[in-house]
1. For a quick check: with amide H placed at 1.01 Å from N, whose amide H comes under 5 Å from Val29's, ignoring anything fewer than 5 positions away on the same chain?
2. Can you compute 3J(HN,Hα) from phi for each residue in the range 48-60, using the Karplus curve 6.51 cos²θ - 1.76 cosθ + 1.60 with θ = phi - 60°, rounded to whole Hz and x for Gly and Pro?
3. Work from the charge dipole of the chain (Cβ charges, +1 for Lys and Arg, -1 for Asp and Glu, about the Cα centre) and give the residue of Ala85, Leu14, Gln28 farthest towards its positive end.
4. If you roll a 1.4 angstrom probe over the protein chains with everything in place, what fraction of the accessible area of the range 64-145 belongs to carbon and sulfur, to the nearest %?
5. If packing is taken as the mean number of other Cβ atoms within 10 Å per residue, what is the order of 21-27, 101-107, highest first?
6. For the range 17-123, what's the relative contact order in percent, using C-alpha pairs closer than 8 Å and at least 6 residues apart?
7. Stretched out fully, how many nm does the piece from Val142 to Asp65 gain, at 0.36 nm a residue minus the Cα gap?
8. At 1.4 Å probe size, what's the solvent-accessible area of Lys11? Round to the nearest 10 Å².
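The values are calculated or read from the model by the stated rules, or taken from the named source; none is laboratory data. Here the structure is a predicted model, which is why all the values come from computation and not from measurement. Please note: Cβ atoms are built from the backbone with ideal geometry, for glycine as well, and neighbour counts cover all protein chains shown. These accessible areas exclude ligands, DNA and RNA; they are computed on the full protein's heavy atoms, side chains included. Shrake-Rupley method; radii C 1.70, N 1.55, O 1.52, S 1.80 Å.
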Amino acid sequence: MKVPKQTLSGKDLLLEAAKLAGAAHSDQVRRGGSAPYITHVARVVERQVSDRHRVVAWLHDVVEDSPVTILDLHEMGFPGWVITAVDAITKRTNEPYKAYLRRVAADPLATEVKIADMLDNLSDKPTARQVSKYAEGLHYLVNEA
């Protein structure tokens with residue numbers, strides 16, 4: 001494992017998270033292909049109350065939806081608290097939904113970002129199955145976290 005040259009902090013951290021999200025999602029589009037995917041990520045960021053939350057919000061889908069890995073985040077200089085929250089919010093292949101929600105709920109920062117993510121997903125023409133899934137997830141995160 002490479003050791004980062006310097007751990008990112010402050011406004012550099014927020015800027016690097018935004019730049020990485022833009023690059024990671026540059027070729028992706030939202031449901032139906034009507035909008036660039038990064039618009040969803042930006043809306044999740046806008047719902048956040050602090051720069052710590054905004055950093056995680058920028059990165060919330062990067063590991064799940066791009067070739068970027070948790071190790072890459074470490075090597076780029078993202079601090080441990082960012083990596084921990086992003087790891088918590090990243091759904092694993094074949095992971096049961098309840099297990100995923102428990103992992104998210106164990107990290108307060110990941111929980112807040114995931115709630116904002118689900119709310120935005122519900123505002124973007126979800127299917128009936130998605131409405132049911134997000135309702136279950138929101139109920140769990142609000143009541144169990």
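1. Amide H neighbours of Val29: Tyr37.
2. Going residue by residue, I get 8, 9, 8, 5, 4, 5, 5, 4, 5, 4, 4, 9, 4 Hz, with x marking Gly and Pro.
3. Checked the options; the winner is Gln28.
4. On the way: 2330 of 4180 Å².
That fraction is 56 percent.
5. Values: 21-27: 16.6, 101-107: 18.4.
Per-residue mean Cβ counts within 10 Å order the peptides as 101-107, 21-27.
6. Numbers: 116 pairs, mean separation 27.7, N = 107.
Answer for the range 17-123 is 26 percent.
7. My answer for the length gained is 25.2 nm.
8. Estimated to the nearest 10 Å², Lys11 gives 140 Å².
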